[in-house]
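Scroll down for the structure; my scribbles are underneath it.
Nothing in this text is a laboratory measurement; each read-out follows from the coordinates by a stated rule. Here the structure is a predicted model, which means the values were calculated and not measured. Cβ atoms come from the backbone with ideal geometry, glycine included; neighbour counts cover every protein chain shown.
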Amino acid sequence: MFHIFVCHCEPDTSGRGNLRLNSPAKVASALLCLAMTSVLQSLAMTVRSLARTQNKASLHQQVRHDIFEPMAIEEVIELLEQEYGPKEWQPDRDPIDVLIGTILSQNTSDANSGRAFASLKASFASWEAVASAPTEHIAGVIKSGGLSQIKAARIKQVLEQIEKEQGRISLDSLKSKTMAEAETYLMRLPGVGHKTASCVLLFSLGKPSLPVDTHIFRVAKRLGLIDSKVSIEKAHSLLQEQIPPAKVYQFHIHMIEHGRKICRARQPRCHRCILRGVCPSSLC
Ligand code: SF4
């Protein structure tokens, strides 16, 4: 399009290097041509400026990562406690409730899984009744939690297996086991991974296992507490071995709160972050 306008501006044959604008159409073309040139120049300047800003930001981050020592996790725990206050660890929730609630929370929001869990508890008199109900019926009851067919089948299998192995639907026997033994038992249940097992251990059985969700995973990587390339499964053990057992619960709660409010996936609010002075990924 730009070339079309240029073609209408005939060069002057007088040798002075001017353009001959000898008709209204040619004058209009010349003006459009000038306007287009100006727009293109502005665009080019904007693109160059953006590229410079991006290069500066990544250079800034690289320099910070190079000069910052790996952060001591105790420092993070202390600063987050200053910001959000101490959290008391009271592992008094029923283990089966936590197990089923965590299965329901997979791939959905807290609000949806909360509704599905409340519906499940209201519709059945006991976990034994859930275990003996048809999968279709359970799926209908937990529909608001999403993936209801898959979750219903999983919940039924888990409850059946616990009933078969424990003689009743209860995980109380795990309280007297070591954390490793209890974790091994839970992770043998169908569809139960590290995060689900850790939730049961931490919230119900009084064992300091750290559930790592997407918020904790993201914030820990930005802080340099774990390498940016480690998997979420590996992050669980790498973080847990750094945290004093009595602080695992508080660390879990604080990191999730911090990830939701401040160190958000997009546009982290570094200017408001209590950790910015020691964070290698800080943008300020
Ligand atoms: S300084 Fe920024 S990147 Fe670092 S933890 Fe705080 S919000 Fe996240």
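Would you work out the charge dipole size for the stretch 95-200 about its Cα centre, treating the Cβ of every Lys and Arg as +1 and the Cβ of every Asp and Glu as -1, and quote it to the nearest 20 debye?
Numbers: 12 positive and 10 negative charges, 36 e Å.
Rounded to the nearest 20 debye, it is 180 debye.
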Cα centre as origin, Lys/Arg/Asp/Glu Cβ charges: the stretch 87-153 dipole, Debye: 220 debye
What length, rounded to one decimal in nm, is gained on full extension from residue 241 through to residue 168, with 0.36 nm per residue of separation minus their alpha-carbon distance? 22.9 nm
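Between residue 188 and residue 136, what FRET efficiency follows from the Cβ-Cβ distance if R0 is 35 Å, with the result rounded to 0.05? Write down the numbers at each step before the final one.
On the way: r = 27 Å, r/R0 = 0.76.
Calculated value: 0.85.
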Sort 76-83, 269-276, 192-199 by the packing proxy (mean of other Cβ within 10 Å over each peptide's residues), most packed first. 192-199, 76-83, 269-276
Please arrange 254, 137 by how many other C-beta atoms lie within 10 Å of their C-beta, fewest to most. 137, 254
Given 175/221; 195/229; 143/164; 143/195; 143/229; 143/221, the pairs whose alpha carbons are separated by over 29 Å: 175/221; 143/229; 143/221
Work out the FRET efficiency for residue 75 and residue 178 from their Cβ-Cβ distance, taking R0 = 45 Å, and round it to the nearest 0.05. 0.90
Any idea how far apart residue 125 and residue 149 come out in nm if each label point goes 7 Å out from Cα toward Cβ? 3.1 nm
Stretchable slack from residue 84 to residue 267, in nm (0.36 nm times residue separation minus alpha-carbon distance): 63.8 nm
Run the numbers for residue 228 and residue 107: contour at 0.36 nm per residue of separation, minus the present Cα-Cα distance, in nm. 41.3 nm
